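Have a look at the structure below before the remarks.
Every number in this text was worked out from the coordinates using simple rules, so none of it is lab data. A quick note: this is a predicted structure, and the numbers were derived from the prediction, not measured. No Cβ is skipped: glycine too gets one built from the backbone with ideal geometry, and neighbour counts run over all protein chains shown.
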Amino acid sequence: VFYRLGSDAITFLVSAYRNSAITDAQALAHTIERTLIEVKMSFMLSNL
């Protein structure tokens with residue numbers, strides 16, 4: 001996993017050496033995206 005923090009965005013790159021159902025890079029990328037959206041929504045709703 002590689003990530004870059006920008007002024008208004010976070011860029012993620014997820015790659016895998018071999019394709020495997022157990023270590024699915026696409027599933028990991030989707031989970032990271034979903035989790036970051038949930039964190040963003042939590043902060044927005046908390047009025048911080």
(request) Could you calculate the contour length gain from ARG18 to ASN47, that is, 0.36 nm times the residue separation minus the distance between their Cα atoms, to one decimal place in nm? (result) 6.2 nm
(message) Please compute the alpha carbon radius of gyration of the chain, then divide it by the globular-protein estimate 2.2 N^0.38 Å. Two decimals is fine.
(response) 1.41
(message) Based only on other Cβ atoms within 10 Å, what is the fewest-to-most ordering of ARG4, ARG18?
(response) ARG18, ARG4
(message) Out of the chymotrypsin sites (Phe, Trp or Tyr not before Pro) in the chain, which ones are loop residues according to DSSP with at most 15 other C-beta atoms within 10 Å?
(response) TYR17
(message) Given a Förster distance of 30 Å, report the FRET efficiency between ALA27 and ARG4 from their Cβ-Cβ distance, rounded to the nearest 0.05.
(response) 0.90
(request) With label points built 7 Å along Cα→Cβ from the Cα atoms of ILE37 and THR11, find their separation and express it in nm. (result) 2.2 nm
(message) Below 8 Å between Cα atoms, with a sequence gap of 6+, how large is the relative contact order for the chain in percent?
(response) 22 percent
